[in-house]
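**Q** This is the structure I want to talk about, given as structure tokens.
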Amino acid sequence: MNPILTSILLLAISPAHGQTPGPGTVSKFKLAFAGRKSNYPSEKPDPAIQRCMAILAHEAKAKLMAQSADEFAIGEFLLPFLKATGNESYLATDYRVMDVNLADREGLKAVSVTMGAVSRVFVWRDGKAIAMPQRLSWLFGFEAHPYFADCGAMVMNCTSVQDAGMRFGTRAMSIALGPGRAHVTGDVMGEWLLEEEEAPSPFEIQGDRLTLKSLDSPQAVIVGSSDKVFERTEVYAVSMQGLKRLSVSLSMPYLRAADAWMAAAMKARPGTNEQRAFVRDYGREPLMAFGIAEQADPSGASATLSTEAGQFTFFLKKSGSHIEVRGFKFERIK
């Protein structure tokens, strides 16, 4: 949720009565909002903000669910509430930055309301509210996007709300929707790189298949926050019982093997001769990597790391799914 983009979007909106909430609803929202403890959320729920979210959710269900509401319709809907808070230009974590996300499938309706860095999720089946678990009544730190899988379970695509940074937290949650109460059946956390809006999402659901992408952190080197390294792709089957992982694909397998070998060498005391030689050149603390690369051909594979100490080239051999470091070469910076 980008507050600058939201401000531009709201300026471009001309009110239309189809999505505009009634003045009485906005007044109730304004009164509830005045009772907030702070402008920024914490892990402890604020009852006043929870009331605001309930007002927004029920009004969104009534005003937006009857049509295919796009971001402009949602922005038009939110405008009176934003005005009621005195919204101008705030940090993304401020309650006065809001968003609404919707899902609708065969009698099931879901509304997620985000205010600053907290979300609340509401679900109805055939018009009757389903009681949500406590963690979804105050989902701190995330904006939640609801989806319905073919099996009838709900899947939440959650992205961290933050004021700065090149990376953001991801969270995929599966929720079984019982007759009157919902239960969280799966919860997968990760991290991804902040990219252009046109870039593919790290979250994709098709039918009952969920694909998640995330970034693993190296153990022995430090990489830039904008570097997309050690990418992980996982595919899950979604059911009412939860998430079952079907496959996992890891990028840069040779660099991963070299990184694991480096981490082991840095901890080894006294270690092998080769480990001691590596520590003598590299040290026992992670160094910043300015360049990384790997290559493989029928004759073997190598992984190269360029650091402030110099360039390390690791020679590796793959046998089945196992990759072994056979040696390394160090070239000091001249």
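The values are calculated or read from the model by the stated rules, or taken from the named source; none is laboratory data. Just so we're clear, the structure is a prediction, and the values are computed from it rather than from any experiment. FYI the Cβ positions are ideal-geometry reconstructions off the backbone, even for glycines, and counts take in every protein chain you see.
**Q** Out of all the residues in region 275-295, is one or more touching a residue at least 12 places away in the same chain (Cβ under 8 Å), among the acidic types (Asp, Glu) and either under 30 Å from PRO179 (Cα atoms) or in contact with a helix residue (DSSP H, G or I) (Cβ under 7 Å, 6 or more places away or on another chain) (or both)?
**A** Looking for residues that are touching a residue at least 12 places away in the same chain (Cβ under 8 Å), among the acidic types (Asp, Glu) and either under 30 Å from PRO179 (Cα atoms) or in contact with a helix residue (DSSP H, G or I) (Cβ under 7 Å, 6 or more places away or on another chain) (or both), one finds at least one in region 275-295, hence yes.
**Q** From ILE49, ILE55, ILE74, which residue is out of contact with any Ser or Thr (no Cβ under 9 Å at 6 or more places or on another chain), closer than 25 Å to ALA131 by Cβ and not small (Gly, Ala, Ser)?
**A** One residue alone meets the criteria, ILE49.
**Q** Tally up the residues in region 24-41 that are over 25 Å from the mean Cα position of the chain (by Cα), surrounded by 18 or more Cβ atoms within 10 Å (Cβ to Cβ) and assigned to a loop (DSSP other than H, G, I, E, B), please.
**A** Adding up the residues that qualify gives 1.
**Q** Restricting the search to region 19-36, which residues are modelled with pLDDT of 95 or more and not hydroxyl-bearing (Ser, Thr, Tyr)?
**A** Hits for region 19-36 are VAL26, LYS28, PHE29, LYS30, LEU31, ALA32, PHE33, ALA34, GLY35, ARG36.
**Q** Follow-up. Go through region 42-75 and report how many residues are at pLDDT below 95, part of a loop (DSSP other than H, G, I, E, B) and crowded, with 16+ Cβ neighbours inside 10 Å.
**A** Summing the residues that are at pLDDT below 95, part of a loop (DSSP other than H, G, I, E, B) and crowded, with 16+ Cβ neighbours inside 10 Å in region 42-75 gives 2.
**Q** Any chance you could count how many residues in region 81-106 are among the polar types (S, T, N, Q), crowded, with 21+ Cβ neighbours inside 10 Å and in a loop (DSSP other than H, G, I, E, B)? Lay out the reasoning, then the answer.
**A** Residues of region 81-106 that are among the polar types (S, T, N, Q), as a first pass: 85, 87, 89, 93, 101.
If we keep only those that are crowded, with 21+ Cβ neighbours inside 10 Å as well, we get 85, 101.
After this cut, where a residue has to be in a loop (DSSP other than H, G, I, E, B) as well, the list is 85.
Of the residues in region 81-106, 1 are among the polar types (S, T, N, Q), crowded, with 21+ Cβ neighbours inside 10 Å and in a loop (DSSP other than H, G, I, E, B).
**Q** Can you work out which of the residues in region 107-127 that are farther than 18 Å from ILE55 by Cβ and either assigned to a helix (DSSP H, G or I) or in contact (Cβ under 8 Å) with a residue 24 or more places away in the chain (or both) is farthest from the chain's Cα centre (by Cα)?
**A** ARG125
**Q** Restricting the first residue to region 209-221 and requiring it to be within 18 Å of ARG284 (Cβ to Cβ), which pairs with a second residue that is in a strand (DSSP E or B) and of a type in the set (Gly, Ala, Ser) meet a Cβ separation below 9 Å and a spacing of at least six or different chains?
**A** Close Cβ pairs satisfying both conditions: PRO218/ALA289; VAL221/ALA289.
**Q** Follow-up. Check ALA268, ALA220 and return the single one that is more than 18 Å from GLN311 (Cβ to Cβ), hydrophobic (A, V, I, L, M, F, W, C), more than 20 Å from the chain's Cα centre (by Cα) and surrounded by 13 or more Cβ atoms within 10 Å (Cβ to Cβ). Full working, then the answer.
**A** On the way: ALA220 fails: more than 18 Å from GLN311 (Cβ to Cβ).
Result of the check over ALA268, ALA220: ALA268.
**Q** Name, by its number, the condition in (1) surrounded by fewer than 13 Cβ atoms within 10 Å (Cβ to Cβ); (2) at pLDDT 95 or above that does not hold for MET262.
**A** (1)
**Q** Further question: Search region 283-334 for residues being in a loop (DSSP other than H, G, I, E, B) and surrounded by 14 or more Cβ atoms within 10 Å (Cβ to Cβ), and hand back the single one that is modelled with the lowest pLDDT.
**A** The residue in question is ALA309.
**Q** Within region 265-279, can you find the residues that are modelled with pLDDT of 95 or more and of a type in the set (Lys, Arg)?
**A** Residues satisfying the conditions are LYS267, ARG276.
**Q** Here is a further query. I'd like to check which strands (runs of 3 or more DSSP E) are fully inside region 153-270 and have at least 3 residues that are of a type in the set (Ser, Thr, Tyr).
**A** By residue number, 231-239.
**Q** Checking the condition under 20 Å from LEU139 (Cα atoms), touching a strand residue (DSSP E or B) at 6+ places or on another chain (Cβ under 9 Å) and in contact (Cβ under 8 Å) with a residue 12 or more places away in the chain, which residue from ALA48, ALA54, ALA32 passes? Break it down stepwise before answering.
**A** Working: ALA48 fails: touching a strand residue (DSSP E or B) at 6+ places or on another chain (Cβ under 9 Å); ALA32 fails: touching a strand residue (DSSP E or B) at 6+ places or on another chain (Cβ under 9 Å).
Answer to the selection: ALA54.
**Q** Among the candidates MET156, MET173, single out the residue that is touching a Pro at 6+ places or on another chain (Cβ under 8 Å) and closer than 18 Å to ASN101 by Cβ. If you could, list the steps in order and put the result at the bottom.
**A** On the way: MET173 fails: touching a Pro at 6+ places or on another chain (Cβ under 8 Å).
Testing whether each residue is touching a Pro at 6+ places or on another chain (Cβ under 8 Å) and closer than 18 Å to ASN101 by Cβ leaves just MET156.
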